[in-house]
């Protein structure tokens, strides 16, 4: 289905969403607590069938922390982007989608390792690259005394 | 022609070499020194160590086109106990730094260190604003020769190894204690 029909279909799933046309993809903004229900609907429904998760990106917007999901359907070859933000920097919590797409397991561990974003119901949320004494380096307020800055 | 026949005038840095040459040893010792140093410098066995892109260039320097087997260096040793020189080729990150220090400590004297590439000299392209890169391998181990480049061409690596050979030529048996003490980086 083309972009307009896809946008209409996604809006019909849940009234809380905002769907808009980004520069490349259709972007859907969703509150953190509704990620899992939206994701499972997008995977299962016949009209959408998003069965391929390209990547999960953790973002530090300055005041907020967020995650971005890039989803693709291998049958219909359409893509959609799901964005979600939270203002809680002490304990940012999003739903884990690792039971829907297996690859989310490692992507969410990376977002936790480098930004401190926690995912609820993740089977094994621990650091991936760094050891436990490192903070969260990709946050904007990370301070490293060894780092050289001109 | 070729790099093996490089003359004294063609090297860029001869002042440091002259500073290192000692004068005033007796004739017998000088002859023994010449023979021993000739043997040592023409059979430098490197440790297999490559982390990053400079490692690819080092492999190419060992490949037939620019061959460093001509200089006696193609015998790479997997065990640090059997190696003479470690060519640190590639970025050293903070996770790798204790491993590198341990490998260097396990090498037996006399040992030499060649810092190949910009990442090992100052941190290279990652020196600013990176949370994980060590800014220069001389923060961890003492370095004898620095070879700039990103990555240095095989010819540049060979030039650096030839400078190391000239450095070895200037050593004498009498100065070994000083040399070993200067590599104690505590």
_Consider the stretch A:93-118. How many of its residues are away from every other protein chain (no Cβ under 11 Å), outside any strand (DSSP E or B) and surrounded by 16 or more Cβ atoms within 10 Å (Cβ to Cβ)?_
17
*If you check every pair at least six apart or on different chains, which have Cβ atoms under 6 Å apart with a residue in the stretch A:13-32 that is in contact (Cβ under 8 Å) with a residue 60 or more places away in the chain first and a residue that is not in a loop (DSSP other than H, G, I, E, B) second?*
A:32/A:84; A:32/A:86; A:32/A:94
*Search the stretch B:125-138 for residues being more than 12 Å from residue B:93 (Cα to Cα) and more than 9 Å from chain A (Cβ to nearest Cβ), and hand back the single one that is surrounded by the fewest Cβ atoms within 10 Å (Cβ to Cβ).*
B:125
*Please specify each residue of the stretch A:140-150 satisfying the condition of being more than 10 Å from chain B (Cβ to nearest Cβ) and either under 15 Å from the mean Cα position of the chain (by Cα) or modelled with pLDDT of 85 or more (or both).*
A:140, A:141
*Pick from the stretch A:119-139, criterion surrounded by 11 or more Cβ atoms within 10 Å (Cβ to Cβ) and within 11 Å of another protein chain (Cβ to nearest Cβ), ranking: nearest to residue A:99 (Cα to Cα)*: A:129
*Inside the stretch B:1-119, counting only helices (runs of 4 or more DSSP H) that do not spill past its ends, which hold 2 or more residues that are farther than 21 Å from residue B:143 by Cα and modelled with pLDDT of 85 or more?*
B:27-41, B:53-62
*asked:* Against the definition (out of contact with any strand residue (DSSP E or B) (no Cβ under 8 Å at 6 or more places or on another chain) and either surrounded by 14 or more Cβ atoms within 10 Å (Cβ to Cβ) or within 12 Å of chain B (Cβ to nearest Cβ) (or both)), how does residue A:78 come out, yes or no?
replied: no
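The values are calculated or read from the model by the stated rules, or taken from the named source; none is laboratory data. Computed from a prediction, not measured in an experiment: that's the story for all the values here. Here Cβ is always computed from backbone atoms with ideal geometry, including for glycine, and neighbour counts include all displayed protein chains.
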